[in-house]
Structures are given as structure tokens and as C-alpha cells.
Amino acid sequence: MRILVTTTSFQDTPGAHHDVLAASGFEIVRARGPLGEDALLSLLTGDGFDGLLNGDDAVTARVIDAALPRLRVIAKYGIGLDSIDVAHATARGVPVLFTPGVNHTTVAEHTFGLMIALAKQFWPHLRATKAGQWTRITGSELAGKRLALLGVGRIGKEVARRAVAFDMAVVGHDPVWDEGFAAAHGIARAASLDEAVRDADVISLHMSLGASNRGWLDGARIATLKRGALVINTARGGLVDEAAVAAGCVSGALGGYATDVLEHEPPPADHPFRAIDNILVTPHVGSRTFESVERQGLRAARNIVNFLSGNPDFVRAN
């Protein structure tokens, strides 16, 4: 058996997930992702692979077809499946495995860290003091502010718990609504995304990305928001129109934007976010903690090894 491993946090972080792969006796081939379609296609020449253990690589229909007939399984390290053509994999009889329930705590912590950093003006203060300056900018409290959670799944719920502890008023929207959790934590239910963000001081994105919501936060929608609203995105970069967000942060329509995800990663040198002080970008590390990587990596490694070994202990997404 041959497995191609491309996710970098899996490879770079020590833990028991490496032991699972080593103990399998399979041949492990490593590459540094995330890889685009052409880069993946170039790796699929020659003997091919029985399994792909990938992060946010572009596992397109072309890649899947090129990997056949040898390819037996795709194992996603994580939960977001927008970079994998799951429909095509299903049509070609290739199972897609994933790792739900392993990173919600650490992503919620990262979300709240970005929220505090944006509200308290951490970036301009840190930059100024490092440069030997003593420039002070007035920030904002989170207590008493209205937080709109767009997506109230595992991660959204963890963010909600922290927001309630910070005395924020929380409103959420999710097609699958947990009324028991909402009632226990005082979370108001919005009938739509637009209703959720109406009058919100802070908006936090926790939606999966699909054709229906790509570029959801665009110029027209920004114009409907409360002026000076803060937006946090630890979901997917494609949920926002990055040019419109940049313009909104410059004009003051948005008070700031903090994100762990971009439409294209890493971003080009001329990306507009680089020059705007009230935009904070972290390099897709929201789930990259030692604890989370081991949980996520262990589940991903067991998924692919167990599947290829005939052990039914794996988690399918399709």
C-alpha cells in the first residue's frame, strides 16, 4: 500500500499519528501542501497511490481520475471538504473520510483571540512598540456587544460559550438548530443570515463553503451592516469578497476584519490585506495546536490505515 501525505501540520507536529502510519507497514510518500491541481497531478505519475491523506489540496475531478484505478480512498485531515470534489469521488466509487469533532475547541479559541486582538487594536500597538514608539489607539470592549454567529455547529457553540462568558449578546443562524443549547446559553435564533447580522457589532463566520455562499460578504452586504462592525473568519476565505472587505476596512464601513483563511493561500505579494492596519491575518493556524493536531492527525491516520487494512473503524463523509 502507498499513501501520499501532503498536509504540513500533520507532518511538522510530533505525536502518535506518526506512529500509526509507521506501524502500518505501508509506504508513506510525503509532499508539502496545500498543493494545486497541477502539482498533485505531477505526483500521481508513475506507480500512483492507494490513499491520499490531504489537507486543503485541490483534489479535483481531474486529480481523482488521474489517481484511478489504484486510488481506493481519500482521507481529509480536517472537516472542510470544499477542496475535494466529493460528488465526483462518490461517482467514481472513492470513499472520502474526514475528522469531525477534533478541532472545535482550538478553532474557537483562535476565533476569540482574533476578536479580542481586533477590538483592542493589538496589531497597531504591537507594531508601534516594537518600532520603539508609544502610540496609543482607543479600542473597544466586547462586553455588551451583539455577536452574530453564522453557523452554530461544534465550533460556533464553543465560540458562543466564550462570548456568553464575556457578557456578549449572541444571535445565531444555522439550518440545523440546537434549541436545547440555544436556550441553555441564551442564544437568540435568527431566521436568516441577513437577520443575524442586522445591528451586529461583531460577526463571526463558521459556515461551510459552497456555490450558494461563495463571496457572501460582498460590497452590497457590507453596506447593510452596522457601520464599524468587526468581522472574524475562521471558516473559509471564499466566503468573503476580499476586495470588498479591504475597501470596507479602509472606508470605515467595517471596523476591521480578522481572518485565519484566505481565498488563495499563501496570498500573493500584492494582496490588498497586507497594507491595511485594521485587517489581521493569521496563516491558517486556527487548529494548529499540539493538542488539536494530535487529535486530528490520529483520527486521519487511523481513518486511512484502518480503511486500507479492512478495519471498519473510520469516519466517512460520503
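In the range 1-79, what trypsin sites (Lys or Arg not before Pro) fall in a loop by DSSP, with at most 13 other Cβ atoms inside 10 Å? Can you show the working numbers first?
Details: sites: Arg2, Arg30, Arg32, Arg62, Arg70, Arg72, Lys76; in loops: Arg32, Arg70, Arg72.
Within the range 1-79, the qualifying trypsin sites (Lys or Arg not before Pro) (loop, at most 13 other Cβ atoms within 10 Å) are Arg32, Arg70.
Projecting the Cα positions of Val164, Ile276, Gln121 onto the charge dipole of the range 104-281 (unit charges on Cβ atoms of Lys, Arg, Asp and Glu, taken about the Cα centre) puts Gln121 furthest along the positive direction.
Remark on Asn318: its backbone amide H falls under 5 Å from those of Val96, a criterion applied only to residues 5 or more positions apart or on other chains, H modelled at 1.01 Å from N.
Reducing the range 288-318 and the range 222-261 to their Cα centroids gives an inter-centroid distance of 34 Å. Listed values for the range 44-59 are Karplus-derived 3J(HN,Hα) couplings in whole Hz (6.51 cos²θ - 1.76 cosθ + 1.60, θ = phi - 60°), namely 8, 6, x, 6, x, 9, 7, x, 10, 10, 10, x, 9, 5, 7, 8, and x replaces Gly and Pro. Each Lys and Arg Cβ is given +1 and each Asp and Glu Cβ -1; about its Cα centre, the range 86-159 then shows a dipole of about 180 debye. As a rough footprinting exposure proxy, the listed residues Phe273, Phe314 were ranked by other beta carbons within 10 Å of their own, and the order from fewest upward is Phe273, Phe314.
Would you mind working out the magnitude of the charge dipole of the range 104-281 relative to its Cα centre, with +1 at each Lys and Arg C-beta and -1 at each Asp and Glu C-beta, to the nearest 20 Debye?
Numbers: 18 positive and 19 negative charges, 90 e Å.
That gives the range 104-281 a dipole magnitude of about 440 debye.
What fraction of the DSSP beta bridges in the chain is antiparallel, stated in percent and rounded to the nearest 5? So the antiparallel bridges amount to about 5 percent of the total.
About its Cα centre, the dipole of the chain is roughly 440 debye, where the only charges are +1 on Lys and Arg Cβ and -1 on Asp and Glu Cβ. When the Cα positions of Gly215, Val107, Ala191 are compared along the charge dipole of the range 104-281, Val107 comes out farthest toward the positive end, with charges on each C-beta of Lys, Arg, Asp and Glu. The alpha-carbon atoms of the chain, seen along their principal axes, cover 59, 48, 35 angstrom, with the largest extent given first.
So which chymotrypsin sites (Phe, Trp or Tyr not before Pro) in the range 78-142 are both in a DSSP loop and have at most 16 other Cβ atoms within 10 Å of their Cβ?
Numbers: sites: Phe98, Phe112, Phe122, Trp134; in loops: Phe98, Trp134.
Those that pass, being in a loop and sparsely packed, are Trp134.
Shape summary of the range 104-281, radius of gyration then Dmax from alpha carbon positions: 15.7, 51 Å.
As a quick test, which of the pairs Lys120/Lys157; Lys76/Lys120; Lys76/Lys130 have an alpha carbon distance above 31 angstrom in this structure? Show your work: numbers first, answer last.
Details: Lys120/Lys157 23 Å; Lys76/Lys120 36 Å; Lys76/Lys130 39 Å.
Lys76/Lys120; Lys76/Lys130, as the Cα separations exceed 31 Å there.
Separation of the range 1-34 and the range 60-137 by C-alpha centroid, Å? The distance from the Cα centre of the range 1-34 to that of the range 60-137 comes to 18 Å.
Taken together, the values in this text are just the output of simple stated rules run on the coordinates, not laboratory data. Please read all numbers here as calculations on a predicted model, not as lab measurements. All Cβ positions, glycine included, derive from the backbone under ideal geometry; neighbour counts span all protein chains shown.
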